[in-house]
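Computed from the coordinates by the stated procedures, all read-outs in this text should not be read as laboratory data. In this text the structure is predicted, and so the values were computed from the model without any measurement. Please note: Cβ atoms are built from the backbone with ideal geometry, for glycine as well, and neighbour counts cover all protein chains shown.
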Amino acid sequence: MNPSARVAHSTLFAHKMLVLFDATRKINKIIPDEPISIKIILAKLLYLLFLSRLKIIQLLCYWSDEQEEVNTF
């Protein structure tokens, strides 16, 4: 993995953790009296939504790296 890809991966991972933390905080504010199992299900759904967006970003980054390698030959 090239250095720029590592930085991008680390940045996306850190962003993912911040999003999950923020989502958990918001869920606790919106439904404080609900059982923890409902909060966990909601957090997982939010995580899956974010993960699908993250995969699209990763694919676009990979595709742009491939295009740069093709253009350098």
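Worth a mention:
- Cβ-to-Cβ counts within 10 Å put Ile31, Ile36 in ascending order as Ile36, Ile31, the fewest first.
- Applied to the stretch 17-33, the Karplus parametrisation 6.51 cos²θ - 1.76 cosθ + 1.60 on θ = phi - 60° returns per-residue 3J(HN,Hα) values of 5, 5, 5, 5, 5, 5, 5, 5, 4, 5, 4, 5, 6, 6, 10, x, 8 Hz, with x for Gly and Pro.
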